[in-house]
Structures are given as C-alpha cells and as structure tokens.
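Novice: Below you will find the structure I want to go over with you.
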Amino acid sequence: VKRVYAFGKDAQGNNVTEGNTNMKAILGGKGANLAEMANIGLPVPPGFTITCQTCMEYANAGNTWPEGALDTIREYREDLETRMGKKIGDAEDPLLVSVRSGAPMSMPGMMDTVLNLGLNDQSINGLIKQTENPRFAWDSYRRFIQMFSGVVMGLDGDLFENAITAMKNLRGVASDTDLTAEDLQELVAEFKQIFAENVSAEAYPSLMVDGAMQFPQDPMAQLQLAIEAVFGSWNNPRATLYRKQNKIADDLGTAVNVQSMVFGNKGNTSATGVAFTRNPANGDKEFYGDYLVNAQGEDVVAGIRNTSPIAELKEVAGLEEAGRELEEVFVTLENHFRDMCDIEFTIEQGKLWMLQTRVGKRTAAAALHIAIEMEKEGLISKEEAVMRVDPDQLDQLLHPQFDKDADYDVLARGLNASPGAAVGEAVFSAVDAVEVSEAGRKCVLVRWETNPDDLAGMIAAEGILTSHGGKTSHAAVIARGMGTPCVCGVEALRIDAEKKQAIVMGTDVVINEGDMISIDGTSGIVVLGAVDLVLPELTGDLDTILEWADEFRTLGVRANADNPEDAELSRGFGAAGIGLCRTEHMFLGDRKQIIQTFILNEDEAVREKAVNDLLAAQTGDFLGMFEAMDGLPVIVRLLDPPLHEFLESPRALDVEIAKLEATGGDKATIAEKRKLMEQIDSMSEANPMLGLRGCRLGIVYPILPVMQVRAIATACAELKKRGLDPKPEIMIPLVSVLPELEKLRRVAEEAIAEVAAEQGIELDIPVGTMIELPRAAVTADEIATQADFFSFGTNDLTQTTFGFSRDDVEAEFVPQYLAERLLPYNPFATIDPGVAKLVEMGVELGHKGNPDIVCGVCGEHGGDPDSVKMFHKIGLDYVSCSPYRVPLARLAAGQAAL
Ligand code: ADP
Ligand code: MG
Ligand code: MG
C-alpha cells in the first residue's frame with residue numbers, strides 16, 4: 001500500500017505532485033486539494049501527505065505504527081529536504097515544517113496543527129543567520145514550543161500565556177509585538193522549563209535526558225510525536241462530537257500533511273489570511289475575508305487581533321502584487337472547482353503562497369444565490385444548481401427574525417456572521433449553555449471568542465455572541481455550519497467570563513448571567529431584553545431554485561395541516577394539497593369536554609347531543625380547511641388516537657381525591673370523582689398505542705365516523721353551493737384486515753349519500769386508507785380493492801415494524817443503539833430500509849388490487865430529504881410533510897429525480 005504522497009515542486013521547479021482532488025478519502029480534503037492546487041500551477045509550499053488509512057491502522061492497532069510506515073515517511077522527508085535544498089534541524093539553514101491534520105470531510109478547527117517544527121537549540125541559530133532577524137526566529141521558536149506543548153503534549157495553554165503576560169508586565173509593554181528578541185529568547189528558556197516541569201516522565205520516557213525531562217531537541221522525534229498527535233486528534237472528544245453532529249463516520253481517519261513552512265510574520269510585507277471567493281453569508285459576488293499583516297497562521301482565526309477586510313490587501317504597500325495575484329487565484333479556483341471556494345493563504349515578503357482550499361461552507365441564502373448566479377454565468381447547469389443546495393439547509397431561511405414592528409434599542413453592533421435572530425438568557429460558558437438548555441430554557445452564548453471546546457455549548461445555545469474575531473473566526477464558521485444565529489466581533493463588549501458578566505462600553509449597561517438578550521445575526525445587532533421574533537418572507541432566490549426543482553421532480557409534495565392558517569401557509573410554500581388533516585386536534589380545547597361527555601356517558605340522549613355538538617363544530621373546521629385549499633385535495637383522517645388521550649389521567653384524579661379527602665372536601669364531589677376515576681381506569685389499556693384506536697374506534701363507536709363523514713360531506717356540499725371546488729377525501733386509519741375497511745367504507749359511503757340527498761348536490765368523495773401496519777402492507781392487494789388511495793403512515797409503520805415505541809424512542813435504548821452504531825440513524829427520522837421495503841411492497845401490491853390507486857406518504861419522513869429520495873425511488877405519487885418542510889421536500893424531490 002502507498003502510504004505517503006508528495007505535493008508541490010522539486011528543486012528544479014518541476015511539479016512532483018502524486019495526488020489530486022479526487023483522492024480525499026486517502027489524502028483528506030486538505031491534502032487532496034493541496035495536491036490539486038499544485039497540479040493547476042498555484043504556488044503551494046512543498047510537502048507530503050500521510051494517508052488517512054495509515055491513521056486508522058495506527059489507531060486500530062492501539063497506537064502502533066504499521067510495518068514500514070516510518071521508513072516511508074523518512075524517505076519522503078529526505079526527498080522533501082532535497083527538494084527544498086535544506087535539512088530539518090540544520091544549524092546553518094534549517095527547513096521548518098508544519099504538521100497539519102486533514103480529514104476527508106471538512107471538520108474546521110476540530111483537530112490539530114503544529115507550526116514551525118524542526119526548531120531546536122541548534123537550528124535556531126541557522127534561522128537567525130538566514131533571516132538576519134533574531135526577533136522573528138525567537139518568536140518562531142517560542143510559538144513552536146507553545147503549540148507543540150499544547151497539541152502534542154496536551155499541556156494547558158494558560159501556562160504559556162501567563163508567562164507571556166508576566167514578561168510583558170515586567171517589560172512594561174502592552175502588546176506581544178513590543179517584546180524584543182532578547183525577551184523572546186528568555187521566554188523560550190522559560191517555556192522549555194514549563195515543558196520540563198509539566199510533561200510526565202512516565203508518559204514520555206524517551207524525552208528524559210540525564211534524568212531530567214527535556215523539550216525534544218531531535219527534530220525527527222519532534223516530527224514523529226507531532227504526526228502521532230495529529231493521528232490521535234481524530235479521536236479527541238471534540239472531533240468525535242463534531243462527527244456525531246454532522247453524521248460523519250468514525251472510521252475515516254485523518255491524513256497528516258507535512259509541509260514546508262512559509263512565514264507571514266516576517267515584517268510588514270508579510271501577511272496571512274483566510275478568504276472566500278464569494279460572500280458566504282449572502283452569496284454576493286465579491287472577495288470576502290480577513291487578513292493580518294505580520295502574523296502567523298492561527299492568529300486570524302483565533303481572533304487575537306482584529307483583522308482587516310481582504311479587499312484592502314492590494315492597497316497595502318508591499319502587498320499590492322500579492323493582493324492582485326490572490327484575486328487571480330480566486331478566479332482560477334472558481335473556474336477550476338466550479339464552485340465558491342474558501343482559502344487560506346500566507347504572503348512571505350511579498351510572495352503569495354496557497355495553504356488550503358476547499359469548496360466553502362455557506363449559509364442557505366448564499367447557497368441559493370451562488371447556485372443561481374453561477375448558472376447565469378454559465379459555470380454550472382440548472383441541474384447542478386438544483387443539486388448545489390442542501391435541502392436540510394433551507395430550514396435556515398425559515399429562521400425567525402426580529403419583528404420589523406418591534407420596538408427596541410440597539411445596545412451594540414458587531415459583524416453579521418450567521419443569519420437569523422435568537423433570544424435567550426445570557427450565559428458565559430459552554431457548560432452553562434448546556435445546563436440552561438437542558439433545563440428547557442433558551443440561552444445566548446456570550447464569549448470573547450469561541451474555541452472548539454465550546455462546541456457542546458454552541459449546539460445548546462439559540463445564538464452565539466462574541467466580542468472578538470472576524471467573519472471567518474471559529475464562532476462564525478461553526479455557527480453558519482449549524483444554522484445558528486451569530487453576531488461576532490462586538491468590540492464594545494468587555495466580557496468577564498469569571499464574573500459571568502459583560503460591560504457594554506460607552507453605556508452603563510452590564511449584562512449579567514440570566515439577563516435576556518436578543519441578537520440578530522442577519523444585521524449584527526445586539527439588544528438587551530427579548531425582542532419579538534417573526535418568520536421571514538421567502539426570498540426570490542428560494543422561489544427560483546424551487547421552481548427549477550419542480551421542473552425536474554416527479555414526486556408530488558403535500559402538507560400535513562389541520563387548520564386553515566397552516567393550510568394557507570403550506571399552499572404558499574407550494575404544497576399541492578393536504579396529505580394528512582388530523583381530526584384529533586379539532587377535539588381539544590373546549591371540545592374536549594364534549595368528547596368526554598360522549599365517551600363517559602351511558603345515556604343515549606346525552607351522547608347524541610354530544611355528537612351533534614361535535615358535528616356542528618367539525619363542519620365549521622372543514623369549511624375553513626376546504627376553502628383554504630380550494631381546488632386541491634384535502635385528505636381528512638378519521639379519529640385516530642386512543643380515547644384516553646381525551647380523558648383526564650386517573651393518576652391525577654387520584655391525587656385530587658386524596659387532597660380533597662385530606663382537607664375535608666365535599667363528600668358528593670369526592671364520590672363523583674371516584675366514580676369517574678374508576679370509569680376511566682376500567683377503560684385503560686396496557687398498550688394503548690396497540691389498543692382501541694384508529695379504525696377500531698369507528699367499529700366500536702360507529703356513530704363517530706358517521707358524524708365525521710357527515711361533517712366533511714356537509715362542508716363540501718356547502719362550499720360547492722357557493723361555487724367553490726372543494727376536494728375532500730376520507731382516510732381510514734390503522735386498518736389491518738380488509739373487512740375493517742369494507743365495513744367503514746360502507747358507513748362512509750352511506751353518510752355521504754345521505755348528505756348528498758339532503759343537500760340535493762352530487763358529492764364524489766374518495767375513500768382510502770392508511771397503510772401503517774405490516775399486515776396491511778403485505779396484504780395490500782386485498783386492501784386496495786376497497787381503497788381509492790393509500791397513505792403510508794410511516795411513523796406507526798416504523799413503530800410496528802421494529803416494535804419500538806415511538807413515544808419513548810428518545811429516552812430508551814435507541815440513543816445507545818445509535819452511539820454503538822447498532823442502528824446507523826434514528827429510523828423515526830430517516831426511513832429505515834426494512835420499513836421502506838414494506839412501503840415498496842404496499843405500493844406494488846396496491847396497484848395489483850387497484851390499478852388506479854394513488855399512493856403517498858404522510859409520516860414525518862415526508863419532510864426528511866434522504867427519505868424523500870427513497871420514496872421517489874419506490875415510485876410513490878407524493879409525500880406529505882409539515883408546512884415548513886414543504887420547500888425542503890420540493891427541493892429533495894427535484895434532486896431525487898436528477
Ligand atoms: P485547520 O485545519 O485548523 O485550518 P491548518 O492545518 O489549516 O489547520 O493550519 C492552520 C493555519 O496554520 C493555516 O491556516 C496556516 O495559516 C498555518 N499554516 C499551516 N501550515 C503552514 C505552513 N506550511 N506555512 C505557513 N503557515 C502554515
Ligand atoms: Mg486550515
Ligand atoms: Mg398512525
């Protein structure tokens with residue numbers, strides 16, 4: 001097996017790159033694109049990449065190197081030295097390298113990188129000699145010790161930061177850049193001391209010299225330890241969490257890139273930066289990013305100094321040419337990758353070097369805008385444009401925003417780093433964010449700048465607010481990826497994380513932990529107090545992409561809605577009908593009393609009165625629904641849930657009775673309550689979800705379906721008389737055997753005929769059934785003989801196929817199944833292949849029993865992009881999902897057809 005791949009040029013200037021962009025699984029994203037950039041002639045500092053597979057072999061063997069791997073690395077290291085004409089650790093002219101992680105999937109900031117490797121007490125002299133810049137050399141050495149100690153040895157970064165601060169205080173200077181070469185040399189000695197005192201001799205016996213722990217002076221030992229640390233970072237907790245969040249497999253491993261160093265910190269004609277070829281927040285065609293003059297690598301992302309916008313680069317003396325070249329590179333990269341790219345670059349004494357590129361992450365709004373513009377520019381086709389937008393991301397566009405009519409004062413302004421608005425309690429640490437969110441409250445995480453250790457808190461928070469860092473800082477990048485609103489770089493905030501408060505400069509406001517704050521990541525505004533949020537108007541870009549998706553898709557999209565407002569909303573989102581109108585929601589509120597009366601009363605007259613009350617109320621409901629969906633089908637499901645859902649809980653009653661007894665309550669009331677409790681108790685079932693519900697209700701209480709069908713038919717007749725075009729359909733739930741459907745269909749048809757006769761109007765209302773029990777799916781040919789349509793209720797079908805209770809799925813064993821990967825994903829979120837097989841069988845058999853049968857899906861899965869793709873393959877006619885997921889389903893259905 002080939003374990004190492006070279007990239008960049010040799011000493012003669014020939015490209016000796018062995019990899020390319022299609023090798024991400026082997027070289028990781030960073031390595032594959034470093035190779036690709038070298039191949040298309042961009043300036044890439046030479047180096048080599050150790051494969052992801054080597055990382056996994058090393059990890060799986062309990063952190064032991066595969067046979068021969070170290071030898072190959074040595075060969076490539078020697079080859080790199082030849083190519084560069086310098087040797088690592090050389091006392092005259094040392095080669096310095098970076099050791100960079102790079103997984104197949106981008107995991108920004110999750111794993112580790114070491115810069116300036118190869119410095120030791122000898123090579124420092126060579127670096128001083130070559131650069132004639134002792135200050136730069138000592139600064140590089142102290143950065144190296146600091147990074148190596150943190151990344152490779154896991155020492156606390158504060159140990160070193162404190163030493164720097166102490167030195168600055170001692171010298172009476174404010175900034176790192178005011179420290180002299182001598183100061184830095186002294187710091188290097190101190191850093192080595194800190195290293196020796198804090199690294200455990202037991203863990204690293206090889207670093208003992210003459211009985212004392214020593215910072216490794218052998219560059220080869222440095223290199224090996226650093227590579228091993230990068231391999232190890234694949235399994236660090238924050239990387240593991242990130243993979244779980246982003247559904248990235250654990251067995252990919254990370255590649256390691258060993259690359260010759262270039263220096264952005266060699267004075268005022270040197271710089272480093274990160275950039276996007278277009279604006280990743282809104283998609284505008286403009287160069288976007290930040291840079292810092294005289295700085296190295298992580299300084300930009302770490303938000304330690306405030307950066308300048310990339311557009312200004314070519315106006316800086318000494319950087320003009322590199323700035324212009326960079327803009328050419330932007331164009332080259334876009335034309336080559338045919339997509340928006342993000343890049344990391346460094347300018348060393350006026351010369352531009354490319355350190356990284358990849359297809360850039362972007363907000364949903366930007367994804368839409370870029371796809372449409374690139375199609376117009378002729379860079380990509382319409383099909384590609386549709387494929388470019390991640391359906392899951394569309395959710396972001398439906399994010400709340402500040403109500404335009406809301407009255408609020410802007411407390412402070414920062415950068416609009418990730419769109420959408422958030423309201424919550426201010427919290428000042430990731431731990432507190434998790435705690436508040438677990439307590440069921442909303443919070444906004446307020447930090448100086450976030451780092452990868454904050455990830456759990458960033459996930460828990462509604463929004464993220466930082467005082468430092470640009471639009472490419474950690475907080476901004478991660479927040480955009482998660483679709484969480486973020487305002488960053490709010491310079492007016494003086495955050496004291498210890499005291500859990502932030503002072504707002506220029507005001508007398510202090511934000512304390514628990515104070516409500518609001519942020520708007522679309523405009524960069526921070527407000528004290530809770531601002532009312534509203535949902536945004538959809539942009540024209542979304543409409544365009546969805547219309548393009550509609551041109552390709554064959555799968556219909558309907559909505560699940562049970563009130564006229566939701567029906568209208570989904571119609572606006574492009575739903576072609578209502579696939580599921582649940583009637584149980586119409587029995588809540590004041591109507592609960594009526595249905596309780598019906599259930600609990602033996603007296604026929606009282607019951608009939610209750611049913612008539614329900615009939616009147618239901619007729620009103622359906623009038624509203626059918627009118628809102630005029631001309632489009634509305635599938636009304638007859639009452640489905642177990643009746644106990646409409647009754648009081650016997651346990652609560654028991655407590656109430658006990659209280660009344662203890663306080664000497666009225667005897668008659670107590671007796672009444674007790675009777676009620678006994679009655680409810682007698683109706684309780686051990687497994688209500690497998691009990692008296694669905695069509696079984698209609699068989700036990702035939703008056704219920706008669707009432708509901710009459711309400712539907714009456715509303716339909718009335719609208720027809722008004723000249724509208726209502727299209728209700730009646731759906732019978734939870735059928736398992738044909739006779740159930742036969743019986744209820746007859747009941748429905750009789751009721752429809754009665755109403756038609758009464759109203760003197762022709763009514764043609766189809767009757768169909770849900771397929772949500774395995775028995776129905778496997779006998780669908782029989783059932784279809786009595787059904788005009790099938791709707792696959794994949795929630796119940798998943799529950800009954802697996803025998804997993806869907807109501808307990810989050811709490812019980814399923815999370816462990818997911819953690820141990822006994823299940824690849826939650827089958828209630830994305831359709832399981834086994835359940836999909838039943839759906840497929842149902843569709844096929846259904847068409848045998850009734851060639852004209854219309855088949856749809858109305859479970860939660862109808863709004864899940866992966867499931868939508870599966871349903872397209874199975875050949876369903878439509879999916880039905882909640883209104884807000886209709887746009888997403890349209891897009892996913894379009895993509896499925898491509
Ligand atoms: P990440 O994956 O976290 O972005 P990188 O490996 O890209 O980590 O390294 C972070 C930064 O370190 C880079 O953006 C770059 O500025 C700097 N860096 C890495 N390698 C080199 C190098 N060979 N020369 C100069 N700077 C480098
Ligand atoms: Mg990087
Ligand atoms: Mg169901």
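The values are calculated or read from the model by the stated rules, or taken from the named source; none is laboratory data. A quick note: this is a predicted structure, and the numbers were derived from the prediction, not measured. Reconstructed Cβ throughout: ideal geometry from the backbone, glycine too, with neighbour counts over all protein chains shown.
Novice: Criterion first (among the aliphatic types (A, V, I, L, M), surrounded by fewer than 23 Cβ atoms within 10 Å (Cβ to Cβ) and free of Cβ contacts under 8 Å to residues at least 12 places away in the same chain) does VAL527 satisfy it?
Specialist: Here the answer is no, as VAL527 does not meet what is asked.
This table checks each residue for (1) of a type in the set (Gly, Ala, Ser); (2) farther than 30 Å from GLY894 by Cβ.
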{"residue": "ARG553", "(1), (2)": "no, no"}
{"residue": "PRO564", "(1), (2)": "no, no"}
{"residue": "GLY574", "(1), (2)": "yes, no"}
{"residue": "GLY577", "(1), (2)": "yes, no"}
{"residue": "LEU580", "(1), (2)": "no, no"}
{"residue": "ARG591", "(1), (2)": "no, yes"}
{"residue": "GLU608", "(1), (2)": "no, yes"}
{"residue": "GLY620", "(1), (2)": "yes, yes"}
{"residue": "LEU623", "(1), (2)": "no, yes"}
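Novice: While we're looking at this one, here's another question. Exactly one of (1) more than 16 Å from ligand 3 (Cβ to nearest atom); (2) in contact with a helix residue (DSSP H, G or I) (Cβ under 9 Å, 6 or more places away or on another chain); (3) at pLDDT below 95; (4) within 30 Å of PHE802 (Cβ to Cβ) is unmet by ALA686. Its number?
Specialist: Every listed condition holds for ALA686 apart from (2).
So that you can scan it fast, the table gives a plain yes or no per residue for (1) in contact with a strand residue (DSSP E or B) (Cβ under 7 Å, 6 or more places away or on another chain); (2) over 30 Å from ASP251 (Cα atoms):
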| site | (1), (2) |
| --- | --- |
| THR779 | no, yes |
| ILE783 | yes, yes |
| GLU820 | no, no |
| PRO827 | no, no |
| ILE853 | yes, yes |
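Novice: What number of residues within the stretch 343-362 satisfy the criterion of being closer than 16 Å to PHE287 by Cα and more than 12 Å from ligand 1 (Cβ to nearest atom)?
Specialist: Summing the residues that are closer than 16 Å to PHE287 by Cα and more than 12 Å from ligand 1 (Cβ to nearest atom) in the stretch 343-362 gives 4.
Novice: Evaluate the stretch 608-618: report whether one residue or more is under 41 Å from the mean Cα position of the chain (by Cα) and hydrophobic (A, V, I, L, M, F, W, C).
Specialist: The answer is no; no qualifying residue exists.
Novice: Any residue that is surrounded by 12 or more Cβ atoms within 10 Å (Cβ to Cβ), within 38 Å of the chain's Cα centre (by Cα), assigned to a helix (DSSP H, G or I) and not β-branched (Val, Ile, Thr) - is there at least one of those in the stretch 202-217?
Specialist: no
Novice: State all residues of the stretch 678-695 that are in a helix (DSSP H, G or I) and exposed (fewer than 13 other Cβ atoms within 10 Å of the Cβ); if no residue qualifies, say none.
Specialist: Within the stretch 678-695, GLU678, ASP681, SER682 qualify.
Novice: How many residues are out of contact with any helix residue (DSSP H, G or I) (no Cβ under 9 Å at 6 or more places or on another chain) and surrounded by 19 or more Cβ atoms within 10 Å (Cβ to Cβ) when one looks only at the stretch 790-835?
Specialist: Qualifying residue count for the region: 3.
Novice: Pick from the stretch 759-799 the residues that are under 13 Å from VAL735 (Cα atoms) and charged (D, E, K, R): which of them is nearest to ligand 1 (Cβ to nearest atom)?
Specialist: It comes out as ASP796.
Novice: Select from the stretch 696-743 the residues that are part of a loop (DSSP other than H, G, I, E, B) and either within 16 Å of ligand 3 (Cβ to nearest atom) or among the small types (Gly, Ala, Ser) (or both) and list them in ascending order.
Specialist: GLY723, PRO733, LEU734, VAL735, SER736
Novice: Next question, about the same structure. May I ask you to verify whether ARG696 is of a type in the set (D, E, K, R) and under 27 Å from LEU797 (Cα atoms)?
Specialist: yes
Novice: Among the residues of the stretch 374-383, are any over 21 Å from GLY483 (Cα atoms), within 16 Å of ligand 2 (Cβ to nearest atom) and among the hydroxyl-bearing types (Ser, Thr, Tyr)? Quick ask: steps written out before the conclusion?
Specialist: Kept after step one, since they are over 21 Å from GLY483 (Cα atoms), are these residues of the stretch 374-383: 374-383.
Applying the additional criterion that residues be within 16 Å of ligand 2 (Cβ to nearest atom) yields none.
Scanning the stretch 374-383, I find no residue that is over 21 Å from GLY483 (Cα atoms), within 16 Å of ligand 2 (Cβ to nearest atom) and among the hydroxyl-bearing types (Ser, Thr, Tyr), so the answer is no.
Novice: Taking the stretch 238-278 as the search range and keeping residues that are free of Cβ contacts under 8 Å to residues at least 24 places away in the same chain and part of a helix (DSSP H, G or I), which one is surrounded by the most Cβ atoms within 10 Å (Cβ to Cβ)?
Specialist: By that ranking, first place goes to THR240.
Novice: Let me ask something additional. Of all the residues that make up the stretch 704-733, how many are without any contact (Cβ under 8 Å) to a residue 12 or more places away in the chain and crowded, with 20+ Cβ neighbours inside 10 Å? Don't jump to the end; show me each part of the working.
Specialist: Step one: list which residues in the stretch 704-733 are without any contact (Cβ under 8 Å) to a residue 12 or more places away in the chain, which gives 722-723.
Those still in the list that are crowded, with 20+ Cβ neighbours inside 10 Å too: none.
Count: 0.
Novice: If you don't mind, there's one more thing I want to ask. What are the pairs, 6+ residues apart or on separate chains, where a residue within the stretch 374-388 that is closer than 17 Å to VAL331 by Cβ has its Cβ under 8 Å from a residue that is β-branched (Val, Ile, Thr)?
Specialist: Final answer for the pair search is MET374/ILE380.
Novice: Could I ask something else about it? Regarding GLY232, is this residue at pLDDT 95 or above and touching an Asp or Glu at 6+ places or on another chain (Cβ under 9 Å)?
Specialist: No.
Novice: Further question: Looking at ALA201, ALA189, ALA196, ALA239, can you tell me which residue is closer than 30 Å to MET107 by Cα and of a type outside the set (S, T, N, Q)?
Specialist: Only one candidate passes the filter, namely ALA239.
Novice: Looking for something modelled with pLDDT of 90 or more and touching a Phe, Trp or Tyr at 6+ places or on another chain (Cβ under 6 Å) - is there at least one such residue anywhere in the stretch 475-488? Before the answer, list the steps.
Specialist: Of the stretch 475-488, the ones modelled with pLDDT of 90 or more are 485-488.
So of that shortlist, the ones also touching a Phe, Trp or Tyr at 6+ places or on another chain (Cβ under 6 Å) come out as none.
For the stretch 475-488, residues modelled with pLDDT of 90 or more and touching a Phe, Trp or Tyr at 6+ places or on another chain (Cβ under 6 Å): absent.
Novice: Let me ask something else about it. Looking only at the stretch 822-867, how many residues end up being of a type outside the set (Phe, Trp, Tyr), more than 20 Å from PRO733 (Cβ to Cβ) and within 28 Å of the chain's Cα centre (by Cα)?
Specialist: 15
Novice: All but one of (1) over 19 Å from THR583 (Cα atoms); (2) crowded, with 17+ Cβ neighbours inside 10 Å hold for ALA753; state the number of the condition that does not hold.
Specialist: All conditions pass for ALA753, except number (2).
Novice: Give the residue that is farthest from PRO104 (Cα to Cα), with candidates limited to residues of the stretch 263-275 that are in contact with a Gly (Cβ under 8 Å, 6 or more places away or on another chain) and within 15 Å of ligand 1 (Cβ to nearest atom).
Specialist: If we take residues in the stretch 263-275 being in contact with a Gly (Cβ under 8 Å, 6 or more places away or on another chain) and within 15 Å of ligand 1 (Cβ to nearest atom), then SER270 is farthest from PRO104 (Cα to Cα).
Novice: Can you tell me which residue within the stretch 97-119, out of those that are in contact with a strand residue (DSSP E or B) (Cβ under 6 Å, 6 or more places away or on another chain) and of a type in the set (A, V, I, L, M), is nearest to PRO452 (Cα to Cα)?
Specialist: MET111
Novice: Looking at LYS592, LYS609, LYS659, can you tell me which residue is surrounded by fewer than 17 Cβ atoms within 10 Å (Cβ to Cβ) and within 30 Å of PHE792 (Cα to Cα)?
Specialist: LYS592
Novice: Here's another thing I want to ask about it. Considering only residues that are within 26 Å of PHE136 (Cα to Cα) and of a type in the set (Phe, Trp, Tyr), look in the stretch 252-294 and name the one that is nearest to ligand 2 (Cβ to nearest atom).
Specialist: Among them, the one singled out is TYR291.
Novice: Could I ask something else about it? Of GLY863, GLY842, which residue is touching a strand residue (DSSP E or B) at 6+ places or on another chain (Cβ under 9 Å) and without any contact (Cβ under 8 Å) to a residue 60 or more places away in the chain?
Specialist: GLY863
Novice: Which count do you get for residues in the stretch 234-262 that are within 16 Å of ligand 1 (Cβ to nearest atom) and within 22 Å of ASN33 (Cβ to Cβ)?
Specialist: 17
Novice: Could you say whether any residue in the stretch 634-655 is at pLDDT 85 or above and surrounded by fewer than 12 Cβ atoms within 10 Å (Cβ to Cβ)?
Specialist: yes
Novice: Name the residue, out of THR801, THR769, that is within 14 Å of ligand 3 (Cβ to nearest atom) and either farther than 18 Å from LEU580 by Cβ or without any contact (Cβ under 8 Å) to a residue 12 or more places away in the chain (or both).
Specialist: After ruling out the rest, the residue left standing is THR801.
Novice: Please work out if ALA502 is over 26 Å from the mean Cα position of the chain (by Cα) and at pLDDT 90 or above.
Specialist: Details: over 26 Å from the mean Cα position of the chain (by Cα): yes; at pLDDT 90 or above: yes.
Answer is yes for this residue.
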